Amino acid sequence: MKTILTGIRVNSEPTLGNFLGAMLPMVRLSNKYSKDYNVNIFIPDLHSIISEVDGDFKKNVLTSIKYYLAAGLKLNQNVHVYRQSFVPAHSEMCWILNCVANMGELKRMTQYKDKSDGKESVNVGIFDYPVLMAADILLYSASYVPVGEDQFQHIELTRNIAMRFNHKYGEILTVPEKTEAQVAFMGVGMGVRIRDLVNPEKKMSKSTNSLNSKIMLSDDPEKAAKKIMSATTDSLGKVSFDMFKQPGISNLLQIEALVNDFPLQDVISTWQGESHYGDLKKKVATSVSTFLTSFQENIAAISDEEVFELLESGEAYANEVADAKLLEVQKAFSLR
Ligand code: ATP
Ligand code: MG
């Protein structure tokens, strides 16, 4: 059985953009495929500590798992939820793969260049985390790793490390699919970019300081509705889906489709040509506040105990699979 694997960093509370662009598509993907695929959803807590972690980290980890459940993640024996640091094989595999990866290829990673740009000193984790990511993937022989475009380069790196390893030691590691094949598999919904509400030329980001620019999952639903009502649009006076000419309006159409699980095309057909932007805003504001209300009720109904039970079985599974693969790799290096 093939494996789909995903992890989302929880350094601070996600925005509606993170949720709609990364978490919700993953939940839908999992619900669609978990009959025939292993679906590994993990909390990359070791990746989190390469930068500052906001607030109560332990609590954030639990909450982020609740997000998946509240978003409708269907559990069965193929869905495995675990914390990275509770599976020590990740760290050990990372070390071994460090001895397979090259400085040159790691230095080429744009994420590293961006994150270290202009800084006098950065921690080694920022440089090395793509190798940890390769370990996260290769320990479970994952074929599909739904990630944003910003992570494509790391998937290619993982493929290169795995192929180099296999070339030397035999077919031990499963090489994940090429990014194009990954995108085709994931289908629509993955890779959407929700825009900043005040400045729709930019994407919505949790690190943006302006509170009106972003909707947080814990926002009071009425306040969130107000943010939608005051979202920047344009002066063209005619609704049309065009992310270049009308990014604000297009963003609202996109949000309306995703929070209601409507096909984007249907939403566009409904509003195309409308000249009263206020009507569209009112509809989207209602959709967002209805969505947040029920989402927050769902979260409140999930107990910590429930999450711990899920983690207990997920981590037992993960340790078994990861240890078995690690042993094969250790043997290849004559460490065992
Ligand atoms: P930061 O401002 O700190 O970079 P961010 O909001 O960009 O935060 P990330 O932690 O970089 O969030 O990304 C988490 C996940 O959310 C990634 O899978 C990323 O592709 C996705 N994502 C980020 N921003 C958006 C957005 N505006 N719309 C849809 N998906 C998004
Ligand atoms: Mg980002």
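No value in this document is a laboratory result; all are computed from the given coordinates. Remember, it's a predicted structure, so these values are computed and weren't measured experimentally. Positions of Cβ are generated from backbone atoms using ideal geometry, with glycine treated the same way; all protein chains shown enter the neighbour counts.
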Pop out the ³J(HN,Hα) list for segment 243-252 in order, Karplus 6.51 cos²θ - 1.76 cosθ + 1.60 with θ = phi - 60°, rounded to Hz; leave Gly and Pro as x.
5, 8, 7, 10, x, x, 5, 4, 4, 5
When the scattering of the chain is computed by the Debye formula from its Cα atoms alone, each counted once and equally, what is log10 I(q)/I(0) at q = 0.07, 0.12, 0.13 Å⁻¹?
-0.31, -0.89, -1.03
Simple spin-label estimate for K206 and K74 in nanometres, 7 Å along Cα-Cβ
2.8
For helix 152-169, what angle does its Cα long axis make with the longest principal axis of the chain, in degrees from 0 to 90 and rounded to 10?
20
Suppose every K and R has +1 on its Cβ and every D and E has -1 on its Cβ; what is the size of the dipole of segment 204-290 about the Cα centre, in Debye to the nearest 20?
280
Could you list which residues have their amide H under 5 Å from that of I194, counting only those 5 or more apart in sequence or on another chain, with H placed in the peptide plane?
M204
Residue-wise, which Karplus ³J(HN,Hα) couplings in Hz belong to segment 119-127, taking 6.51 cos²θ - 1.76 cosθ + 1.60, θ = phi - 60°, and x for glycine or proline?
8, 6, 8, 10, 6, 5, x, 5, 6
Which residues qualify? For V79, with a placed amide H closer than 5 Å and at least 5 residues away or on another chain, they are V39
Which residues' amide hydrogens lie under 5 Å from the amide hydrogen of G7, considering only partners 5 or more residues apart or on another chain, with H built in the peptide plane?
F42
Can you give the Kirkwood hydrodynamic radius for segment 174-214, in Å, rounded to one decimal and based on Cα pairs?
12.3
Can you say what percent of the DSSP beta bridges in the chain, counting only those with both residues inside, are antiparallel? Round to 5.
15
Relative contact order, percent, of segment 211-299 when contacts are C-alpha pairs under 8 Å separated by at least 6 residues?
38
For the table K74/K206; K238/K282; K32/K66, the rows whose alpha-carbon distance is greater than 22 Å are K74/K206
Treating the beta-carbon of each Lys and Arg as +1 and of each Asp and Glu as -1, no other charges, what is the dipole magnitude of the chain about its Cα centre, to the nearest 20 debye?
680
Relative to the chain, whose Cα atoms define the longest principal axis, helix 24-33 and its Cα axis are tilted in degrees, nearest 10, by 60
Global geometry of segment 257-336, whether rounded, prolate or oblate, following the gyration tensor of its Cα atoms and the 1.5 cut on a/c:
oblate
Distance from segment 1-29 to segment 251-329 (C-alpha centre basis), Å
9
Go ahead and set up a Gaussian network model of the chain, Cα springs under 10 Å, then flag whichever of T208, T233, T293 fluctuates most.
T208
Per-residue counts of other Cβ atoms within 10 Å, averaged by peptide: what ranking do you get for 115-126, 297-308, highest first?
297-308, 115-126
Per residue of segment 212-223, in order, report the coupling 6.51 cos²θ - 1.76 cosθ + 1.60 (Karplus, θ = phi - 60°) as ³J(HN,Hα) in whole Hz, putting x for Gly and Pro.
6, 6, 9, 10, 9, 5, 9, 4, 4, x, 5, 5
Can you pull the Kirkwood radius for segment 211-299, inverse mean 1/r over Cα pairs, to one decimal in Å?
13.2
